[in-house]
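The values are calculated or read from the model by the stated rules, or taken from the named source; none is laboratory data. Predicted model only: the values in this text are computed from it and were never measured. Methodologically, a virtual Cβ is constructed for each residue, glycine included, from the backbone with ideal geometry; neighbour enumeration extends over all protein chains shown. What goes into the accessible areas is simple: the full protein's heavy atoms, side chains included, and nothing from ligands, DNA or RNA. Shrake-Rupley method; radii C 1.70, N 1.55, O 1.52, S 1.80 Å.
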Amino acid sequence: MTEKSKNFPLKLASVVEKTSPGSQRRSGVSPVATPQTATRNAATSHANKPASQSNPVNATQQRASAQPAPSSTPERGSPLVSDSIRKAMVARVARQGVSDAKVLAALEAIPRHLFVEPAMASQAYIDASLPIGHHQTISQPYIVARMIEVMRDNARGGVLNNVLEIGTGCGYQAAVLSLVAKEVYSIERIKPLHELAKTNLRPLRIANIRLHYGDGMLGLPQVAPFDGIILAAAGLEVPQALLEQMAIGGRLVAPVGEHKQVLQLIERTGQYDWRSSTLEECHFVPLRPGTV
């Protein structure tokens with residue numbers, strides 16, 4: 001891992017080509033446009049669950065934070081989306097290097113197949129990004145866990161009060177974040193995806209997620225500063241507005257680059273000082289301004 005200190009505003013284009021030795025992981029697949037019907041998936045799964053199993057997220061939030069989530073009733077009764085398949089996904093992510101027990105427990109607790117089309121449920125727990133419509137994707141499980149783990153590795157022992165996500169997509173990463181942070185704010189610029197995320201998250205009854213429709217590059221200054229910020233899309237540099245909304249001691253994790261992208265960690269070390277580190281190669285959809 002390489003480090004360099006810069007004064008505000010921080011420009012990251014100059015470090016796009018620098019990757020740490022041995023870090024050659026690539027995340028995801030190329031985005032593909034497809035109709036999104038994950039809402040039917042969520043509704044079907046929720047309707048088939050007994051009342052005692054209808055709120056796995058609230059139950060998980062009551063467990064010890066350092067312990068992996070225990071097994072619950074398999075969703076739909078299908079081996080393609082069972083608890084054992086999700087546990088195997090988490091075990092694979094752990095073998096890839098993610099070691100934060102709280103992050104792994106959150107990954108195990110959130111049913112990823114509820115956030116993709118029913119026809120793609122059998123692929124929900126493979127280590128790949130999947131299309132969710134509008135030329136956007138749900139990030140691969142490894143990169144979701146990796147980014148959250150890096151964000152939690154702060155000087156406050158992993159405590160995260162306010163967290164901001166740029167790019168809600170189908171709502172999956174926001175759901176995982178809700179189990180490791182006190183408050184999660186997530187911005188989506190594509191109106192149909194914003195509505196889809198609301199519908200996908202509703203059956204899980206997660207109380208600490210605040211979804212916003214708007215331009216993610218502007219952030220949410222009205223609720224800043226944030227202990228952690230995650231970008232689910234890649235720009236040539238991190239927007240200045242997001243750097244200003246970081247708390248001192250806070251961490252921002254973002255993909256940076258165009259054709260060749262790398263995962264960047266930015267730490268705010270003072271009022272006008274930031275430190276950047278290059279983590280590993282990655283692949284995300286482009287970060288764009290405005291709303292559609």
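Would segment 181-198 turn up any residue that is farther than 20 Å from Gln136 by Cα, open to solvent by less than 10 Å² (accessible area, probe 1.4 Å) and hydroxyl-bearing (Ser, Thr, Tyr)? Checked against the condition, which is being farther than 20 Å from Gln136 by Cα, open to solvent by less than 10 Å² (accessible area, probe 1.4 Å) and hydroxyl-bearing (Ser, Thr, Tyr), segment 181-198 yields no hits at all.
Residues that are in contact with a strand residue (DSSP E or B) (Cβ under 7 Å, 6 or more places away or on another chain), among the small types (Gly, Ala, Ser) and under 28 Å from Ala109 (Cβ atoms) do not occur anywhere in segment 200-214. Pairs needed: first member in segment 147-166, under 25 Å from Phe284 (Cα atoms); second member anywhere, part of a helix (DSSP H, G or I) and open to solvent by 30 Å² or more (accessible area, probe 1.4 Å); C-beta distance under 7 Å; at least 6 residues apart or different chains. From segment 147-166, the pairs are Leu160/Arg152; Asn162/Val223.
Hey, among the residues in segment 268-285 that are under 16 Å from the mean Cα position of the chain (by Cα) and assigned to a loop (DSSP other than H, G, I, E, B), which one's farthest from Tyr142 (Cα to Cα)? Quick ask: steps written out before the conclusion?
Residues of segment 268-285 under 16 Å from the mean Cα position of the chain (by Cα): 282-285.
Within this subset, residues satisfying the condition of being assigned to a loop (DSSP other than H, G, I, E, B) are 283-285.
Values: His283: 12, Phe284: 13, Val285: 16 Å.
Once the filter is applied, the top-ranked residue is Val285.
To keep it simple, each residue is scored yes or no on (1) under 30 Å from Leu114 (Cα atoms); (2) touching a residue at least 60 places away in the same chain (Cβ under 8 Å); (3) within 17 Å of the chain's Cα centre (by Cα).
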{"site": "Ile206", "(1), (2), (3)": "yes, yes, yes"}
{"site": "Ala232", "(1), (2), (3)": "yes, yes, yes"}
{"site": "Leu236", "(1), (2), (3)": "no, yes, no"}
{"site": "Pro239", "(1), (2), (3)": "no, no, no"}
{"site": "Met246", "(1), (2), (3)": "no, no, no"}
{"site": "Gly250", "(1), (2), (3)": "no, yes, yes"}
{"site": "Val256", "(1), (2), (3)": "yes, yes, yes"}
{"site": "Leu265", "(1), (2), (3)": "yes, yes, yes"}
{"site": "Pro289", "(1), (2), (3)": "yes, yes, no"}
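Can you tell me which residue is farthest from Ala109 (Cα to Cα) among those in segment 215-230 that are touching a residue at least 40 places away in the same chain (Cβ under 8 Å) and surrounded by fewer than 18 Cβ atoms within 10 Å (Cβ to Cβ)? Top of the filtered list is Asp215.
For segment 92-137, a residue qualifies if it is touching a residue at least 40 places away in the same chain (Cβ under 8 Å) and in contact with a His (Cβ under 9 Å, 6 or more places away or on another chain), and the qualifying residues are Leu114, Ala121, Ser122, Ala124, Tyr125, Ser129.
Scanning segment 172-189 for residues that are small (Gly, Ala, Ser) and touching a residue at least 40 places away in the same chain (Cβ under 8 Å) gives Ala175, Ser178, Ala181.
Quickly run through segment 115-153 and pick out the residues that are touching a Ser or Thr at 6+ places or on another chain (Cβ under 7 Å) and either part of a loop (DSSP other than H, G, I, E, B) or within 16 Å of Lys87 (Cα to Cα) (or both). Outline the logic, then answer.
Residues of segment 115-153 touching a Ser or Thr at 6+ places or on another chain (Cβ under 7 Å): 117-118, 129-131, 133, 137-140, 142-143.
Across segment 115-153, the qualifying residues are Glu117, Ser129, Ser139, Gln140, Tyr142.
Here Ala121 meets the list (1) more than 16 Å from the chain's Cα centre (by Cα); (2) open to solvent by 10 Å² or more (accessible area, probe 1.4 Å); (3) under 22 Å from Pro203 (Cα atoms) almost entirely, failing just condition (2).
Here Pro68 meets the list (1) at pLDDT below 50; (2) open to solvent by less than 50 Å² (accessible area, probe 1.4 Å); (3) in a loop (DSSP other than H, G, I, E, B) almost entirely, failing just condition (2).
Given the criteria part of a helix (DSSP H, G or I) and either out of contact with any Pro (no Cβ under 8 Å at 6 or more places or on another chain) or modelled with pLDDT of 95 or more (or both), does Gln264 qualify? If you could, list the steps in order and put the result at the bottom.
Numbers: part of a helix (DSSP H, G or I): no; either out of contact with any Pro (no Cβ under 8 Å at 6 or more places or on another chain) or modelled with pLDDT of 95 or more (or both): yes.
Spelling it out, it is not the case that Gln264 is part of a helix (DSSP H, G or I) and either out of contact with any Pro (no Cβ under 8 Å at 6 or more places or on another chain) or modelled with pLDDT of 95 or more (or both).
Considering Ala88, Ala145, the condition of being within 21 Å of Val253 (Cα to Cα) and modelled with pLDDT of 95 or more is satisfied by Ala145 alone.
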